[in-house]
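Values quoted throughout were computed directly from the atomic coordinates according to the rules given, and no laboratory measurement underlies them. Remember, predicted model here, so these are calculated numbers, not experimental data. Neighbour counts run over all protein chains shown; Cβ positions are idealised from the backbone, glycine included.
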Amino acid sequence: MAELDEQTLHNLAMNTVGKKLQEDDFEFLAVNSKLKKDPQFVALKNKKLHFIIVRAIKYPENPEIFDLKFMNTIKDHAQKFNAKTYYAGVGIANSTDYDQPVNDAEDYVINYKGLKEI
């Protein structure tokens, strides 16, 4: 039983957000799943450009809380492209015991409440 690494957790978060964006009719222009490469999604919806920052947040941290200074830096960059900026925090926890790390032998639970516009 191995604990999932940061990149694997990030990929789970990316998949969660990506599926929801597809359901909401976003058209992907660029997808970047590498850690520390922002934004993760550049997408179009209703002819409007969107920059979306995705973060995998391990329990007990709150996925709704984000670094406002960092997000404002991304927002300033997005405005040069007349794009909207969003934060997508995805909480991930071990489904058997929230206090245990997420691993490859047990199921996990996702806490994702959607995009937050910055």
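Observations, loosely collected:
- Set of aspartates and glutamates with alpha-carbon distance to K37 below 12 Å, sequence-local pairs under 8 removed: none
- Between the Cα long axis of helix 68-79 and the first principal axis of the chain there is an angle of about 40°, rounded to the nearest 10.
- Selected from N11, N103, L44, residue furthest toward positive end of dipole (the chain; charges at beta carbon): L44
- Per DSSP, loop trypsin sites (Lys or Arg not before Pro) in the stretch 24-118 with at most 13 further Cβ within 10 Å: K34, K36, K37, K47, K80, K113
- One compactness figure for the chain is 1.08, namely its Cα radius of gyration divided by 2.2 N^0.38 Å.
- Exposure proxy order (Cβ contacts within 10 Å, fewest to most) of I65, I74: I65, I74
- Degrees separating the helix 6-23 axis from the principal Cα axis of the chain, which is the longest one: 50 degrees
- Annotation: amide H-H contacts under 5 Å for I57 (H modelled 1.01 Å from N, sequence separation of 5 or more, or interchain): V90, G91, I92.
- Stretch in the chain that is longest and holds no chymotrypsin sites (Phe, Trp or Tyr not before Pro) that DSSP places in a loop and that have at most 14 other beta carbons within 10 Å: 1-80
- Among M1, M14, sorting on how many other beta-carbon atoms sit within 10 Å of each Cβ, with the fewest leading, yields M1, M14.
- Lysine-lysine proximity count for the stretch 41-118, Cα under 16 Å, sequence distance 8 or more or distinct chains: 11
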